[in-house]
Amino acid sequence: MSSQHFIFNVQMGCGGCSSTIKEAVQALDGVQNYFISLEEQTVSVVAEPSLSYETVLEAMKAKGKNVRSGEVNGVSRAV
């Protein structure tokens, strides 16, 4: 199976915010690659098919982050 690509718009105000997101994403099984842009307020995750969008979303929310929007393979999803 091929990888899936998640993109989230996450409210981040400082380097500490992006570090918190990094910790949340790194802790998940199935993450192949990720990129966090503080300037663009985005979190991009490439994951194995076994890792769900909801799991990544909830991991960031559990860290207290405001996720404004999200998409899977270019298709918008609820946050």
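The values are calculated or read from the model by the stated rules, or taken from the named source; none is laboratory data. All of these numbers come straight from a predicted model, not from anything done at the bench. Here the Cβ is made from the backbone with ideal geometry for all residues, glycine too, and neighbour counts use every protein chain on show. Remember, those area values only see protein heavy atoms, side chains included, never the ligands or the DNA or RNA. Shrake-Rupley method; radii C 1.70, N 1.55, O 1.52, S 1.80 Å.
What length, rounded to one decimal in nm, is gained on full extension from S3 through to L38, with 0.36 nm per residue of separation minus their alpha-carbon distance?
Value of the extension gain: 10.2 nm.
Grab the other residues whose beta carbon is less than 15 angstrom from that of M60, score K and R as +1, D and E as -1, and report the net. If you can, show how the numbers build up before the last one.
Numbers: positive: K22, K61, K63, K65, R68, R77; negative: E23, E54, E58, E71.
Residues close to M60 contribute a combined charge of +2.
Give me the percent of accessible area attributable to carbon and sulfur for the stretch 1-72, probe 1.4 angstrom.
46
Starting from the Cα of V75, step 7 Å along the direction of its Cβ; do the same at A62; then give the gap between the two resulting points in nm.
Calculated label separation equals 2.6 nm.
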